[in-house]
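See below for the structure under consideration.
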Amino acid sequence: MSELKTRRGSRGRNRGAGVFLVALAVLTGGMSSACAPSSTTPQDLMAGLMPGAVTTRTPDDQFAAAVADFSIGLLQQQVSGDKNVLLSPLSVELALAMTANGASGETLRQMQQVLAGGADIADINAMLAGFAKGLPSTAKAKFHLANSIWYRQIQGLNVKPKFLQTNADYYGAGAYAAPFDKATLDAINAWVNDKTNGMVPKIVDELKPDDMMVLLNALAFDAEWLDQYQPGQIADGVFTTASGAKQNAKFMASGEWRYLDDGKATGFVKPYADNGYNFVALLPNKGVSITDYVASLTGTGWLRTLGSAEGTSVHAQLPQFSFSYDTSLVAALKAMGMTDACDPNLAQFGDMVTPPPPLYIGDVLHSTSIEVTPVGTKAGAATAVEMRAGAAPTIPKVVTLDRPFVFAITDAATNLPIFIGVTNTLA
């Protein structure tokens, strides 16, 4: 199956902090599946449609700010109560950008506004694809993503070649026609399982009779810490959850060199191996609830805070944690302004299939998982701690993540979050 890989992408077992996820957009129409062929083998719709050479671009400041706004807005829509949240804004952007290539009129305008601050779909394709292709993947910090489109086989109904070609050109998306029966359901979930190294074994529970198309993005991140936590840096501690409950936890202590302070929270930046990605943590000040803090965030503020990190010694304590998160994003996207695409009476997806049935987005499913452990590169070859020990003496800042906090895994070059979430509880 066709897939988009970043530089020297490879897959392996989790050896450091690993994140695996998939975003799913389901478009449904009112047509019956009674005419579906009896064959259960997906038909490759890309026969004769090879990905072409297109010009991609590095995101400009305006696009980066818009993507940051989308990332923060999506997090704000999902945070409520005392549950953990983990999202991949990039995964959702990619799945919806592919969908937008089949939209027109007011539907397309709203999708462009929500995804990229009103940027034209051609610019979204060029810069989003450029951003994805530019994300590094190395032996110690692996990053991998893949896209595919699945279409119900109905006689006389065909996906438009331009729609397939555009998504193949910019996103490396494979396309498959299938009867949308039990075998198709198994094939879709097997594709997801494969592209996430088994971390997300299933994304779709059933294919409804009015489901016409499924657009998938799967993304996997697996990186070692730049500096390995030694046994002496791990100690027992107590984490206080959002509800006030006390949890026993293992805290990993380290000396970092980038301190964050946005006036309402303090935090730190911890690099992964090869310095292509960073772990970012922001702990709201005492008296500021995690809900109120997330509500106060903006994309511009996020980029400003990370861009102005103070180079000073930080005594950081990070709890070991792992959790999974599954959600539907339709309500969030509607609240953010993408309403017509999810309305069967208003959606305009005529550029997707011919003849054009009344397609609309019926659901956007999102499944994620994260595990943060002490394992990383050997400190002997990583000179960052030793070099800092030779600097002028400073009074270290202290950040202990012993209560709910915001975290992200960011692209080191742009500070844009590849993943973003809230840890309210460790269990």
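Just so it is clear, none of the values below were taken in a lab; they were calculated from the coordinates. The structure presented is a predicted model; accordingly, all values stated were derived computationally and were not measured. Here the Cβ positions follow ideal geometry from the backbone for every residue, glycine too, while neighbour counts run over all protein chains shown.
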So what's the convex hull volume per residue for the Cα atoms of the stretch 267-360, in Å³? 208 Å³
Over 31 Å between Cα atoms, which of Lys133/Lys162; Lys133/Lys202; Lys246/Lys334; Lys202/Lys286; Lys160/Lys334; Lys162/Lys195 qualify? Lys246/Lys334; Lys202/Lys286
Residue list for the stretch 318-345, given a label point 7 angstrom along the Cα-to-Cβ vector of Glu106 and an amide N cut-off under 15 Å: 337-345
Which net charge results for the neighbourhood of Ser324, defined as the other residues with beta-carbon distances under 14 angstrom from its beta-carbon, given Lys and Arg at +1 and Asp and Glu at -1? 0
Simple spin-label estimate for Asp194 and Gln230 in nanometres, 7 Å along Cα-Cβ: 4.5 nm
Gained length - Glu206 relative to Glu310, 0.36 nm times residue gap less alpha-carbon distance: 32.5 nm
Give the Rg/Rh ratio for the stretch 168-217, taking Rg as the radius of gyration of the Cα atoms and Rh as the Kirkwood radius, to two decimals. 0.97
Could you list the square roots of 5 times each eigenvalue of the Cα gyration tensor of the stretch 49-115, that is, the equivalent ellipsoid semi-axes, sorted largest first and rounded to whole Å? 26, 15, 13
